[in-house]
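Structure first, commentary second.
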Amino acid sequence: MKKIRKIAAALFICICIGIISPVSVLNMGGAVEVQAASVIPKLVSVKPSGTTKAVIKWKPLKSAAGYRVYRSIDRKNWKRVKIVSGGKSSSYTDGKLTTGQRYYYTVRAYRTKKGKTVLSSCDKKGLSVIAGLQTLKLNKTSMTLYKGKSYTLKINGTKLKPTWKSSNTSVASVSPDTGKVTARKNGTATITASLGGRRFTCKVTVKTQSAASASAPYYKKLKTYITKYGRTDNSGNPYIGYGTTQDDIDYRWGIIYEKAKDRYDFFLEVDTPEGGNSLIDMYVNVQKSGDVVAEYGLYYNNEYLIYETSSKFPAKSYTGKNNIKFKIDRICDKNNTELKSQAQNLSNLYLQAGFQFWNETLRLTAKISMKNLGFTALAIK
């Protein structure tokens, strides 16, 4: 009796193996029998066709009556997409795919034996293809980057992540995972993205950014702010202006956008209780010229001229603290050397004071700084 039980148990195990094994090898359904691995249809290639098709090719088997083609997007969940009849068949074109999506394909052979369908095993990994691969494009095939700037390249039309590489990392480096390109030094480099066996390239030219191009967006921002929130003077120019009084000294300062000359007049006016009137104007538009013109005047009771000075200097050389050379345009006493020396000192003093006023005004209003406008120092703090 015990011997019969052992035989029954062994038979039960064999039956379980025979039933369970074919299904657990690959969850494709409908399997009746798994043949030896030697009769697996060998996959030859899977290639994209157009934007939404893929052509699957395999080597036919002599004993096959036909083939079943399976598709997956994760190599785990396989779906049968076609039964191809004929043992000599060796290809199938699958359609209605999503452009830019990666698909995996594998093939099983089948034949009929005693009225039952017998399936071969298959390549469990399969071959992959990206639908519409040849139609995908980089968002840029060439670009110019200024030294220190970055730009992220990507392949349009797919969510798949390629691998990135630079031909010259000292000129332009690139993140191998994200495609973020960073300009290092002047020169050229080729950025290559590899995806699905295809290479996409972008030629990157790195240059040093000029003061004009660097400051262009900030001048635009300043103009927009003054035009939108400022008032209008008698000449029809928009401006922003402020004033305060400390220790009986009146301060008035602001920025005027002179539309006719397309430049900005940064001004500071100071009136003292003794009747002294000082006015400094600095005319700026680094987009048009790298030079700045400053004009200073000292008067008594707003009528009597003591002296007027002017200076033309590069914006990039001015820090807001250094002294520059002023030319004396008019003076009440041409032979007074002490007065001439005072004119130099006061011109620089008022220009430096004006810089502080203007930088703070820019910071609080347009959220930019004198440095953004092409000067060497006084950034937003």
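The values are calculated or read from the model by the stated rules, or taken from the named source; none is laboratory data. Values in this document were obtained by computation on a predicted structure and should not be read as measured data. Here the Cβ positions follow ideal geometry from the backbone for every residue, glycine too, while neighbour counts run over all protein chains shown. Just so you know, the surface numbers come from the protein's heavy atoms only, side chains and all, with ligands and any DNA or RNA stripped out. Shrake-Rupley method; radii C 1.70, N 1.55, O 1.52, S 1.80 Å.
Summary table below
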| item | result |
| --- | --- |
| Distant alpha-carbon pairs in the range 205-270 (separation over 18 angstrom), percent | 49 percent |
| Nearest 10 degrees, 0 to 90: helix 337-364 Cα axis against the chain principal axis | 30 degrees |
| Heavy-atom accessible area ranking, 1.4 Å probe, most first, across Lys288, Lys76, Lys62 | Lys62, Lys76, Lys288 |
| Cα lying deepest toward the dipole's positive end in the chain, options Thr224, Thr361, Asn237, charges on Cβ | Thr224 |
| Choice from Thr169, Thr117, Thr99 with maximal GNM fluctuation in the chain (Cα, 10 Å cutoff) | Thr117 |
| Over the range 64-190, relative contact order from alpha-carbon pairs under 8 Å, at least 6 apart, % | 19 percent |
| Compactness of the chain - radius of gyration and Dmax, Cα, Å | 39.5, 138 |
| Nearest-10 value in Å² for the accessible area of Arg111, using the 1.4 Å probe | 60 Å² |
| Positive-end extreme of charge dipole, the chain - chosen from Ser289, Thr272, Tyr307 (charges on Cβ) | Ser289 |
| In sequence order, calculated HN-Hα J values of the range 271-277 (Karplus, 6.51, -1.76, 1.60; Hz; x Gly/Pro) | 10, 9, x, 7, x, x, 10 |
| Förster radius 41 Å - calculated FRET efficiency between Asn335 and Lys288 (Cβ-Cβ, nearest 0.05) | 0.60 |
| Cβ-placed point charges (K, R +1; D, E -1), dipole of the range 138-291 about Cα centre in debye, nearest 20 | 2240 debye |
| Check: the range 284-359 dipole with +1 on Lys, Arg Cβ and -1 on Asp, Glu Cβ, in debye | 360 debye |
| Set of the range 38-56 residues, backbone N closer than 14 Å to the point 7 Å along the Cα-Cβ line of Ile73 | none |
| Exposure ranking of Thr245, Thr376 by accessible area [1.4 Å probe, largest first] | Thr245, Thr376 |
| Phi to ³J(HN,Hα) by Karplus 6.51 cos²θ - 1.76 cosθ + 1.60 over the range 168-175, Hz, x for Gly, Pro | 8, 5, 6, 8, 9, 9, 9, 5 |
| Nearest-0.05 FRET efficiency for Thr224 and Asn345, computed from C-beta distance (R0 45 Å) | 0.75 |
| Net length gained if the chain between Asn302 and Lys47 were fully extended (0.36 nm per residue, minus Cα distance) | 83.3 nm |
| In Å², nearest 10: area of Glu338 left accessible to a 1.4 Å probe | 140 Å² |
| Helix-only CD estimate at 222 nm, as mean residue ellipticity for the chain, using -39500 (n - 2.57) per DSSP H run (n ≥ 4) | -6500 deg cm²/dmol |
| Whole-percent carbon and sulfur share, accessible surface of the chain, 1.4 Å | 51 percent |
| Euclidean distance between Cα centres, the range 106-124 to the range 136-202, Å | 46 Å |
| Computed over the range 128-214: relative contact order in percent, which uses C-alpha pairs under 8 Å that are six or more apart | 32 percent |
| Of Lys113, Lys316, Lys207, the one that fluctuates the most in a GNM where the chain has Cα springs shorter than 10 Å | Lys113 |
| Accessible surface of Lys125 - all protein chains present, 1.4 Å probe, nearest 10 Å² | 140 Å² |
| About the Cα centre, charge dipole magnitude for the chain (Lys/Arg +1, Asp/Glu -1 at Cβ), debye | 6160 debye |
| Table column - 3J(HN,Hα) (Hz), the range 189-200, Karplus curve with 6.51, -1.76, 1.60, x for Gly and Pro | 8, 10, 9, 10, 10, 10, 8, x, x, 10, 10, 10 |
